[in-house]
Each structure stands twice: as structure tokens, then as C-alpha cells.
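Here's the structure we're looking at; comments come further down.
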Amino acid sequence: MHSEQDNRPALPALAIVVPTFNEHGNVAELVRRLHRTLGELDWEVVFVDDDSPDGTSAVVRNLACRDRRVRCVQRLGRRGLSSACIEGVLATCAPLIAIMDADLQHDESLLMAMWSAFAEPGLDVVIGSRYVEGGGVGEWAVSRQLASRLATRLGHLIVPDRLQDPMSGFFMMRREAFEQSLPHLSAVGFKILLDLFASSRRELRFIELPYTFRPRLAGESKLDEQVAWEYFMLLADKLVGRWIPVRFVAFGLIGLLGVGVHFAALFAAHRLLGWDFVPSQAVATLLAMAGNYTVNNLITYRDRRRRGWAWWSGLLSFGLVCSVGAIANVGVASHQFERDGRWVWAALAGILVGAVWNYAVTAFYTWGSRTRPSTASA
């Protein structure tokens with residue numbers, strides 16, 4: 001007599017996690033190529049879609065209706081490649097996990113070689129590498145090659161030098177190795193492999209297999225200035241994040257830019273236009289506050305970005321919080337000045353208290369989590 005467990009479908013031996021955003025023209029072709037490459041191996045592909053406006057999730061669900069190997073996890077209200085990869089891994093029970101992009105720039109034919117490499121006991125990660133002998137970057141412009149090399153050098157601040165392509169987004173990993181890094185991941189930006197190596201509490205055993213980076217099949221590249229900023233935020237988080245939250249660092253740097261905006265607006269209104277000081281100061285304060293809010297919304301809290309009417313309510317809450325922060329700034333600075341008479345230290349104390357207040361309270365009230373749960377379809 002067979003138990004109920006005997007009738008369960010076989011668990012996948014390999015899961016390919018593919019984060020997507022506006023990739024509706026690529027997913028069907030990627031699935032076709034995975035079938036051709038992996039054949040009869042027990043595998044599944046988990047697309048994690050950040051609610052693409054081009055209907056990528058609908059395309060994936062249509063594929064899943066006809067192919068049990070295809071699954072879709074649709075995330076609502078948030079974005080980010082690294083966090084999407086994490087949710088994709090958590091959505092599968094496969095013992096081996098591959099991460100790759102949907103744009104077909106990663107050579108799917110390397111997957112079987114990656115799979116075979118795990119016959120070696122104790123191996124944690126197999127990386128598709130552009131920078132070992134036999135690999136290459138294909139048709140990249142010289143400027144992009146230089147930028148990639150610079151990013152790789154910076155990455156070696158937090159991962160071993162012998163890892164030649166820490167920027168790779170194409171790799172396969174044992175589930176237990178991923179899970180032991182999971183509690184310490186920053187989940188910032190696009191470089192999940194770098195994050196995994198920097199977050200692991202033990203040295204990961206790895207090998208790198210060469211492949212040549214291919215041109216995108218359809219759609220548009222996601223590379224922009226935001227990607228570079230998030231990469232620097234990841235590096236900062238791994239270097240100083242144990243002492244100072246990386247968002248606070250970004251919040252503070254943007255605050256310094258706001259000081260420049262304030263004085264520029266004050267100079268223009270008071271000295272160039274001849275306005276009285278009080279209205280000039282008021283306008284400068286409002287412009288600096290709105291500028292700080294806008295840039296923080298675009299960069300510091302990109303994953304929680306407010307849009308539409310929510311942008312305006314966020315601006316209001318940001319202004320109210322920062323007004324209280326300004327009062328705290330003046331109060332602490334005045335108290336400190338009365339104690340020892342050193343105006344520089346008093347001013348710095350006020351600025352620090354105001355900055356911490358503004359960061360902590362706006363993180364909760366202005367950019368607090370308002371996301372709905374993800375929806376998943378098998």
C-alpha cells in the first residue's frame with residue numbers, strides 16, 4: 001500500500017531564479033532555451049516579477065498554465081534585483097539554485113556544466129565568469145568595460161581577490177550556502193553574488209567557468225546612474241553598515257546637498273531679487289526641504305518610492321517631521337552652547353540630533369512599508 005507521500009511529484013533538483021522587470025519579450029524564449037539545455041533534468045524556473053507595466057507576469061502565468069516547470073512570483077509595491085532573487089530562492093525547495101537574467105545575455109548552455117561541477121564535494125558556488133580565460137564581455141563599449149573593471153576592483157574591498165568576477169549575475173549555488181548567508185544579506189542593489197560572498201560567515205568554496213556575455217535579445221537595458229549609486233550603497237553597507245545604517249549615510253549626504261540648495265536659493269532671493277530676509281529664508285527652506293525629499297524618494301528610498309498622490313502626502317509628512325527636527329536642532333544647540341560656550345560643537349550637536357530625528361521618523365512615517373503582500377502562481 002502506497003503512502004500519500006509516494007504520490008507527490010518529484011522535487012526539483014535545480015531551480016533557476018530569474019528576476020524580471022519589463023521582460024515580456026524574452027521570457028518565452030528563455031524557457032524554450034532552458035528546455036533545450038536542461039532536457040530531462042528535474043528543474044523549474046521561478047520568475048520573480050516586480051509588477052512590470054509591460055505585462056511580464058501575465059506572460060509568465062500563461063507559460064505556467066502549459067508548463068509545470070514554470071512558476072511566477074509577482075511582487076507588488078517594491079523593486080530590486082537582489083531582494084527579488086532572495087524571494088525567488090525562498091519560494092523553491094530545490095537543493096541547487098541558479099541565478100540568471102531574463103534578457104538572454106547569460107549563456108544558458110553553461111548551466112549543465114555548472115550542474116556537473118557540483119559532483120565535487122564541498123563546493124558551494126559555481127560562477128559564470130567573464131574574466132577568466134575563455135570568457136569575455138562581447139560587444140561592450142570601452143566605457144562600459146572600464147566601468148566594470150573599476151566596479152570589480154572596488155568589489156575586492158569586501159570579497160577575495162581570487163574571485164575574478166564578483167560582479168557576475170550568473171551563478172549556481174547550494175541552497176544551504178545561500179541560507180547561511182541569508183540573515184546577513186544587505187539585499188541592496190543588483191549585485192547579489194557580491195552580497196552573498198561578503199555576507200557569508202565562512203569562506204565559500206567556488207569555481208569560475210568562462211562564458212561570453214551576449215547582447216540583450218529584447219527590451220531595454222536597466223543600467224543607469226541608479227545602478228551605480230546602489231552599488232556604492234552596497235559597498236558602504238558592507239564596510240560601515242554594522243555601525244551606521246547605509247540609508248542614514250545616504251540621507252546625510254543628501255542633507256548636505258540640501259544645505260547648498262538652501263544657500264543658493266537664499267542668495268538668489270535676498271541678494272539678487274532684493275527680497276527681505278525673512279521671506280527669502282522661508283522660500284529657501286521650503287525649496288531645500290522639497291529638494292531633499294525628492295532626491296531621497298528617488299535614491300535613498302527607491303524601493304519604497306512614493307508616486308502620484310502619495311508623493312504629495314509624503315512631502316507633507318516629510319516637511320512636518322523636518323520642522324520638528326529643526327526645533328530639536330535649535331533646542332539642543334542652545335542647551336549645549338549655554339553649557340560650554342563653544343558654538344561650533346553646539347551647532348554640530350544640534351545638526352546631529354536633527355539629522356537622526358529626521359532620518360528615523362521619516363523612515364517610519366514617510367517611507368514606512370505600505371506594500372501589499374506578493375502574489376504567487378505555480
Exercise. How much of the accessible area of segment 230-276, in percent, comes from carbon and sulfur atoms when a 1.4 Å probe is used?
Worked result: 72 percent
For this session: Would you rank S199, S323 by solvent-accessible area, highest first, keeping every protein chain in place and using a 1.4 Å probe?
Result: S323, S199
Seminar exercise, completed: If the chain between E203 and E179 were fully extended at 0.36 nm per residue, the gain over the current Cα-Cα distance would be 7.2 nm
Seminar exercise, completed: With DSSP loop assignment and no more than 13 other C-beta atoms within 10 Å, the GluC sites (Glu not before Pro) in segment 1-107 are E40
Seminar exercise, completed: Here FRET efficiency (C-beta to C-beta, R162 to D276, R₀ 51 Å, nearest 0.05) is 0.20
For this session: Would you please give the FRET efficiency between L352 and R214, computed as 1/(1 + (r/R0)^6) with r the Cβ-Cβ distance and R0 = 56 Å, to the nearest 0.05?
Result: 0.65
Exercise. Residues of segment 101-130 with amide nitrogen under 16 Å from the 7 Å Cα-to-Cβ point of R32?
Worked result: 103-105, 108-109
Problem set entry | Additional length obtainable on full extension of the chain from C93 to W243, 0.36 nm per residue less Cα span | 50.6 nm
Problem set entry | Sequence ranges 115-127, 290-302, ranked by mean other-Cβ count within 10 angstrom, highest first | 290-302, 115-127
Problem set entry | For Cα Rg over 2.2 N^0.38 Å, calculated from these coordinates, the label among (1) 1.51; (2) 1.18; (3) 0.92 | (2)
Exercise. Over segment 169-213, what percent of the accessible surface lies on carbon and sulfur atoms, probe 1.4 Å?
Worked result: 50 percent
Problem set entry | Full-extension gain in nm, L253 to A13, via 0.36 nm per residue minus C-alpha separation | 81.8 nm
Exercise. Antiparallel as a % of all DSSP beta bridges within the chain, to the nearest 5?
Worked result: 30 percent
Problem set entry | For peptides 141-151, 89-99, sequence by mean Cβ density within 10 Å, most packed first | 89-99, 141-151
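The values are calculated or read from the model by the stated rules, or taken from the named source; none is laboratory data. Quick caveat, the model's predicted, so the values are computed rather than measured. Every residue, glycine as well, gets a Cβ built from its backbone with ideal geometry; the counts of neighbours run over all protein chains shown. Note: areas computed on protein heavy atoms with side chains; ligands, DNA, RNA excluded. Shrake-Rupley method; radii C 1.70, N 1.55, O 1.52, S 1.80 Å.
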